[in-house]
Amino acid sequence: MASSAGTSPLQPHSELNTHQPRGRVSPLGVAAVVVTVVLWASAFVGIRAVGPSFSPGALTLGRLAIAAVVLGAVVLPKLRVLPRGREWWPILAYGVMWFAGYNVALNAAEHSLDAGTSALLINVNPILVAVMAGIILKEGFPRWLIIGSLVAFGGVAVIALGSGTRSTADVAGVLLCLLAAALAAVSVIIQKPVLRKFPAGQATWFGIMVGLICCLPFAGQLGQELQAAPLPATLGLVYLGIFPTAIAFTTWAYALSLIDAGKLAATTYLVPGTTVLISWLVLSEIPSAWGLVGGAICLLGVGLTRRRSR
């Protein structure tokens, strides 16, 4: 069997960790993490940019449809075995929660929140993943994880407080972001065992197809909005479908097959800062002062979760 460093995210890798020293990640795994962080950060900006042209459900359906075609073209020629029986249950779960629910909630949130603030709020996700991974996946539950989680949630409270001083819509956006974070966190825990049986590309494509089916009721809405959308918005939709969805979710799944869920989730702490930078360059928008302060507190809390108990 090929070593983990030379294994494609589309190849089976149920035995990858057998030959890889614990605590070390292959160069290909590191590259997968970097690609995921950058492309997911760009997604927050892309959603904000095309938001005026597409409603949350239609945007999710369009994004998943494009991803299904692009990733399917790579996965289907190599697909030999489909999930059977109970193997479908976790796939159905993360397909509904992550690819459908998470995306609809995030798209709706960014109608009232800027890209940077949305990314900061979604940054609660890695803390939730770390907590659940410690309990469910037995990855450990150190003292600093609890302390850091409390501090980070305090940062979320600051962001929510600042949003509440501006408008009710912003509060709804904050709540939708927190819902999206929770759905994503649960999905990561559910997806981890699936990657022991199926390669990253297949596991991702299965989830995308489940999410796509869930979003089919938005087909009529998507058709109408595509006819009215300007070309840049349509191209933005295509970008979201190919890069942050088909590619980034696959590289994430590949990295998740190599790294503990809690440790991998910590890498997404880099997403908010990257998003703010891209948002400033592309959309000329930055988070509010409350968002920056709350985000800084979130990052402090997240940093504390990485400390090791003595």
Item to check | 1.4 Å probe accessible area per residue over region 28-135, in Å² | outcome: 34 Å²
Checklist outcome for this item: Between Leu92 and Ala228, Cβ-based FRET efficiency (R0 22 Å, step 0.05) works out to 0.05
Checklist entry - Put a dot 7 Å past each Cα toward the Cβ at Lys78 and Leu137; how far apart are the dots in nm? => result 2.2 nm
Next on the checklist: Run the reach check for Lys263 against lysines, Cα to Cα strictly under 16 Å, same-chain hits fewer than 8 apart removed. What comes back?
Outcome noted: Lys138, Lys192
Next on the checklist: Given a 1.4 angstrom probe, I'd like the percentage of the accessible area of region 21-122 that is carbon and sulfur, rounded to a whole number.
Outcome noted: 69 percent
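The values are calculated or read from the model by the stated rules, or taken from the named source; none is laboratory data. Everything numeric here is computed off the predicted structure, so don't read it as measured data. We place every Cβ from the backbone using ideal geometry, glycine too, and count neighbours over all the protein chains shown. Keep in mind that these areas ignore ligands, DNA and RNA; they rest on the heavy atoms of the full protein, side chains included. Shrake-Rupley method; radii C 1.70, N 1.55, O 1.52, S 1.80 Å.
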